[in-house]
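The values are calculated or read from the model by the stated rules, or taken from the named source; none is laboratory data. Because the structure is a prediction, the values reported are computed rather than measured. In this analysis, Cβ positions are derived from the backbone assuming ideal geometry, glycine residues included, and neighbour counts consider all displayed protein chains.
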Amino acid sequence: MNQPIALITGATSGLGGAVSARLAEAGWRLALVGRDGARLADVGPHDAVRIESDVSTSEGAKRAVAQNRSACPRHWSTAPAAR
């Protein structure tokens with residue numbers, strides 16, 4: 001099955017939390033990004049990829065993309081690498 005995947009930042013609360021809940025209901029596979037690992041563990045479906053990172057920094061954003069690429073390589077097979 002070619003299930004779509006969404007990378008959602010700020011997934012532990014607010015808009016990011018609401019978006020992740022709606023996309024999960026719609027059958028999307030989720031890569032959830034948040035700064036607080038404990039809160040991140042409590043959100044989203046059990047099969048979601050969880051990435052603890054602060055994407056407000058360049059290094060944090062690169063780390064989040066790299067971890068998502070590693071966890072979901074099939075979805076990134078034709079995408080350019082993060083710079």
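Remarks
- Total residues in the stretch 6-24, condition among the β-branched types (Val, Ile, Thr) and either out of contact with any strand residue (DSSP E or B) (no Cβ under 8 Å at 6 or more places or on another chain) or assigned to a loop (DSSP other than H, G, I, E, B) (or both): 1
- Test: residue in the stretch 59-76 that is modelled with pLDDT of 90 or more and over 14 Å from the mean Cα position of the chain (by Cα): yes
- Taken over the stretch 40-78, the criterion of being loosely packed, with under 12 Cβ neighbours inside 10 Å and part of a helix (DSSP H, G or I) is satisfied by Ser58, Glu59, Ser70, Pro73, Arg74.
- Top-ranked residue in the stretch 1-39 [being among the hydroxyl-bearing types (Ser, Thr, Tyr) and within 19 Å of Ala71 (Cα to Cα); ranked as surrounded by the most Cβ atoms within 10 Å (Cβ to Cβ)]: Ser20
- Residue tally, condition touching a residue at least 24 places away in the same chain (Cβ under 8 Å), of a type in the set (A, V, I, L, M) and either within 10 Å of Ile51 (Cβ to Cβ) or not in a strand (DSSP E or B) (or both), over the stretch 25-39: 3
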